[in-house]
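The values are calculated or read from the model by the stated rules, or taken from the named source; none is laboratory data. Note that the structure is a prediction, hence the values are computed from the model and not measured. Here the Cβ positions follow ideal geometry from the backbone for every residue, glycine too, while neighbour counts run over all protein chains shown. Ligands, DNA and RNA are stripped out before the accessible areas are found, and what is left, the full protein with its side chains, is counted by its heavy atoms. Shrake-Rupley method; radii C 1.70, N 1.55, O 1.52, S 1.80 Å.
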Amino acid sequence: MTTQSLETSRSYSQQQKLKVFLLLGGLALACIASLVLALLTGSIKVTVGELWQLIQFQLGLSDQPANTLSATVVTELRLPRALSALVVGAELALAGCLMQVLLRNPLADPYVLGVSGGAAVGALLSIMAGLGSFWVSGSAFVGALTNLLLVFGLSHASGVWSPSRLLLTGVVTAAGWGAIISFMLSIGEDNQLRGMLFWLMGDLSRASLPGWHGLFLLMSLALSALLARPLNMMLRGELQAKALGVAVYPLQITLYLLASVLTASAVTQAGSVGFLGLVVPHILRLSIGSDHRLLLPATALAGACLLLLADTLARTLIAPQQLPVGVITAFIGVPVFLWVLQKSNRGTV
Amino acid sequence: MNPSHRTIRTALLTLVIAMGLQLSFQTPAEAGAIQVVDDQNQTLTLPQPAKRIISLAPSVTELLYSAGAGDKVVAVVQYSDFPEAAKALPRVGGYTQLDIERILSLQPDLVIGWQSGNQPEALDKLRQLGIPVYITETRFLEQIPDTLERFGQMADTFETAARAANQFRSTLDQLKNQYQDKNTVKVFYQVWSQPLITINKQNLINQVIEACGGQNVFAELNTIAPRIDVEAVLKANPDAIVASGMGVERPEWLDEWLKWPSINAVKNDQLHFIPPGHIQRQTVRVLLGAERLCRQLDQTRTLMADSVDQQGSAQ
Amino acid sequence: MTQSIEPKTLLACQDLTVSIGGKTLCQNWQLKLRPGEIWGILGGNGAGKTTLLHTLAGLREADQGEVLLLDKPLQQLKNRQRAQQLGFLLQDDSTAFPATVLETALQGRHPHMGLFSWESAEDETIAMAALEQVGLSDYCQRNIDQLSGGERQRLKIATLMVQQPKVWLLDEPANHLDLHHQVSLLEQLIGSVKDQSGTLLMSLHDLNLAQRFCDKLILLFPTDENGKGPEMGDKGELLTEEKLQRLYQHPIRRLETDAGPVFIPA
């Protein structure tokens, strides 16, 4: 035993706390920077001065309203979309992270248990019935909840319950939804097809102010802070966690419900935006380790930031034409993930 | 499927192939033979006028009826809803998913396909099975009367077809003479709301807009049906917004533009609706849409002139 | 550790019946682990050593009867309360997700920490001391999947030491360990168990380790039609050629040497 290693280890908890502070602070700043960028870019030119004027006016610091068109564009179009992107990104990344621990499978993503499939069937039914966007979102949410109950019930049906059973049930249910979606796409009318495919690809252009979704995200973050240390125990296996005093079954149920409802909320707002929920937790696991007290909030912030950046690129890269945001998340996420994986000395994912 | 069915189907297939082979041995010079060139520049020879035609696109069905060949159509694809008579015809699947066996069993002597709608493999398959396949692809308004005439040739209803074609040409010319060179109106054509989709200059609708003296604000984009965002429309600031939606009714989403009074079209209440059947299908009815659009844009033009006058008089 | 109110029994079984896959391991069993006692479980493959240990640790439900931890039924204790008094060394572990050696050892503090609290400097001292005891203190920032099988086993033992339980249940602690570590680690473990007036029960494959370290033994004989199954008692009574032969279904020789009896398969 050398004195050096004792010293480095002595500062472990201070190190951790410093890491938390720096990392979360840095990510929060990145989110704010992305938000400003998102508010400034688009077809209509909005200058930093105009934005500043608008912020001052909105905060009641100034009586001088900004240029009306840029002001409306920022408050009516860009801000709701940007806030939605933040909320959806955070929800998906958080749900992915929780799902990976629940299923003890690094390949798990928020959609693996069929939540998005159920939501898609709900949304597509509404689109086929020619209903408005309120109904489309509503039925997407109902579809997601249906899946939640269905998978939960089926995986409990035989009395024996395990994450691998849950995973199998979920994957097969998701495949079932997939078949229904294909069927609906094959009988859909041309004009409806466009809306249906668009929904399936995931997009934020129809998003409005996140409202209760945002509130739900904050509540989930608070709850996940409670779950963080037991989740660390779960990484070493269910029995080990139980031996160390974790109430494993209640924790698994909580994880399942939380991850599913987070996904449902995200999908309801933006359709199935892919990739984010798989890659963001991994990038962070590889770069900061698996302490969920740090990982969960960091994942949420990084997911929020990444989706907002991706969405800003999606709507401006070849403007006025729009790209599906999922394409951009993959374009950013894949190289970043591979780079982190190459650099990582933490080995196994 | 029971064995006897399979035998029957095999026998039928052989029969059809044999018929195809027989066809290909006949020389074009033979009396009564008809030769036409389709939109893919392929020469098609029919030994005699077609009597059993299958249409593989809703627009083709409509053009066949306009060409006077309606009573020779034995089957159509889904969504062939015009004219009324077409609705009663047997279906051979959707245009992207054709039921080849059903087509064979109806023993057509001519199948008319649609290049950008049908799967090329399916059309090739039909050709291999010896069925004459004519392929349409309408890129210009002027192609519509030409296609009518060729349909008339193939179905031996040339007189009716030529009459319809000439009427189309003269109406189109008349519209162009009346409106094409008037003051330009900036038009945003909205195909759909979620996602927000418009058209570029390659689209037939663009030609209708230009014939009416309008200018499509997104004509220069790269794809034929580009997805855009609301901001792009705000920036383009069109004088008129034209939408079709899905059915015969004005889509509700057209009124969502009312939130944006900075757009000239909204300010002057120039949100126009044209039923999709009158403008999105490449058929004779496109003239109905064209006439309507020309009137609508002319109304916009008048309003614009008025407001310019007002501004002028105010100064 | 003060000796003021020393409980007479740390872990007890009352009328315990455990079965797995239709096979009864024990029927209406009574067992008492008292402070300072070191117990061993011996039995062939599939005899049910792990199942029995899991039941005693509350990781698995008993068919009948109950297990008492410090006189309280296990079923009535919260997971956390149980883990403060009872530690368990599992046979296998998982490294599906990355973690460092120190992070893993610190997990032993979990049952002693509040919901929101972070590991204190004291927790760290405990963890570092345990890592030092198992000879892993130089590796504390290393990722666990870079450890060898033996090092990982030592890390698991360190985590258990960090947990500081009263009752130690170990499923094959000698697994993956070389000769030196088998002896020195068990010596240290047993030393600290005795220092804290705890008790230890471990399953072993090596009869010589059992002879060397255990005071009392459980021989997991299969339960016969008369309900007669496992035997327990002092090691002197149980470590006979006859009994061991019956236990392993293999002839075994007991040789008396200067260093005490030695067992070899014949």
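Points to keep in mind about this one:
- Computed accessible area, B:T184, all protein chains, 1.4 angstrom probe, square angstrom: 80 Å²
- Mean per-residue shielding of peptide A:190-200 is 4, counting Cβ atoms of other chains within 10 Å of each Cβ.
- Net +/- balance of residues flanking B:Y134 in space, Cβ distance below 10 Å, scoring K and R +1, D and E -1: -1
- Placed amide H near C:Q64: partners under 5 Å, 5+ positions off or other chain: C:T17
- Charge dipole of the protein assembly as shown about the Cα centre (unit charges at C-beta), most positive-ward option of C:P98, B:T223, C:T240: C:T240
- Most fluctuating residue given options A:L148, A:L113, A:L235, as computed from a GNM of chain A linking Cα atoms under 10 Å: A:L235
- Rel. contact order, % - alpha carbon contacts under 8 angstrom, at least six apart, chain A: 28 percent
- A:F141 - accessible surface, heavy atoms, 1.4 Å probe, Å² rounded to 10: 50 Å²
- Percent of alpha-carbon pairs separated by more than 30 Å within the stretch A:28-343: 35 percent
- Here is the interface size for A with C: some 4000 Å² of accessible area buried, both sides summed, with a 1.4 Å probe.
- The H on the amide N of B:L110, modeled in the peptide plane, is under 5 Å from the matching H of B:R52, B:I54, each at least 5 residues off or on a different chain.
- Surface exposure of chain B, expressed per residue as accessible area with a 1.4 Å probe, stands at 47 Å².
- Take each residue in A:309-322, count the other chain C-beta atoms within 10 Å of its C-beta, and the mean is 4.
- Under Karplus coefficients 6.51, -1.76 and 1.60, residue-wise ³J(HN,Hα) of the stretch B:304-309 in Hz, glycine/proline x: 4, 4, 4, 5, 5, 4
- Exposure of B:H272 as accessible area (Å², to 10), given a probe of 1.4 Å and all protein chains: 10 Å²
- By the Stokes-Einstein formula, at 1.002 mPa s and 20 °C, the stretch B:182-314 with its Kirkwood radius over alpha-carbon pairs has D equal to 145 µm²/s.
- For A:K17, the aspartates and glutamates whose Cα comes closer than 18 Å to its Cα, not counting residues fewer than 8 places off in the same chain, are A:E7, A:D291, C:E103, C:E119, C:E122, C:D123, C:E124.
- By accessible area with a 1.4 Å probe, ligands and nucleic acids excluded, highest first: order of B:D156, C:D93: B:D156, C:D93
- Protection proxy ranking of C:52-65, C:162-175 - average other beta-carbon atoms within 10 Å, highest first: C:162-175, C:52-65
- Helical runs (DSSP H, four residues minimum) scored at -39500 (n - 2.57) apiece and divided by the length of chain B put the mean residue ellipticity at 222 nm at -12500 deg cm²/dmol.
- Springs between Cα atoms under 10 Å define the GNM used for chain C, and in it the highest mean-square fluctuation of C:F97, C:F213, C:F88 occurs at C:F97.
- Among the listed pairs A:K45/B:K182; B:K182/B:K235; C:K8/C:K228; C:K78/C:K243; A:K242/C:K228; C:K49/C:K78, those beyond 29 Å (Cα-Cα): A:K45/B:K182; C:K78/C:K243; A:K242/C:K228
- Per-residue mean of C-beta atoms belonging to partner chains within 10 Å, peptide C:159-169: 1
- Nearest-20 debye value, the stretch B:182-314 charge dipole, Cβ charges on Lys, Arg, Asp, Glu: 320 debye
- Net dipole in debye of the stretch A:28-343 [+1 Lys, Arg Cβ; -1 Asp, Glu Cβ; about Cα centre; nearest 20]: 680 debye
- Rounded to the nearest 10 degrees, the angle from helix C:121-133 to the longest Cα principal axis of chain C is 50 degrees.
- With Cα atoms, 0 to 90° folded angle of helix C:149-163 axis to chain C main axis: 80 degrees
- Phi angles across the stretch B:157-168 convert, under the Karplus curve 6.51 cos²θ - 1.76 cosθ + 1.60 with θ = phi - 60°, into 3J(HN,Hα) values of 10, 4, 4, 4, 4, 5, 4, 4, 5, 5, 5, 4 Hz, Gly and Pro given as x.
- Globularity index of chain B is 1.18 (Cα radius of gyration / 2.2 N^0.38 Å, N = number of residues).
- If you take all other residues with their beta carbon under 10 Å from the beta carbon of B:D109, and give Lys and Arg +1 and Asp and Glu -1, the sum is +3.
- MRE, 222 nm, helices only [DSSP H, n ≥ 4, -39500 (n - 2.57), over chain A, to nearest 500]: -25000 deg cm²/dmol
- Largest first, the residues B:V308, B:V185, C:V183 sort by 1.4 Å accessible area into B:V308, C:V183, B:V185.
- Evaluated over the protein assembly as shown, the Cα radius of gyration and Dmax, each in Å: 38.8, 125
- Most fluctuating residue given options B:E252, B:E159, B:E137, as computed from a GNM of chain B linking Cα atoms under 10 Å: B:E252
- The simple spin-label model puts a point 7 Å past each Cα toward its Cβ; for A:Q15 and B:E220 those points are separated by 5.8 nm.
- Taking every C-alpha pair closer than 8 Å and separated by at least 6 residues, the mean separation divided by the residue count of chain B gives a relative contact order of 13 percent.
- C-alpha long axis of helix B:143-155 to longest principal axis of chain B, angle in °: 20 degrees
- Vicinal HN-Hα couplings computed from phi for the stretch C:49-57 (Karplus, 6.51 cos²θ - 1.76 cosθ + 1.60; Hz; Gly/Pro x): 4, 5, 4, 5, 4, 4, 5, 5, 8
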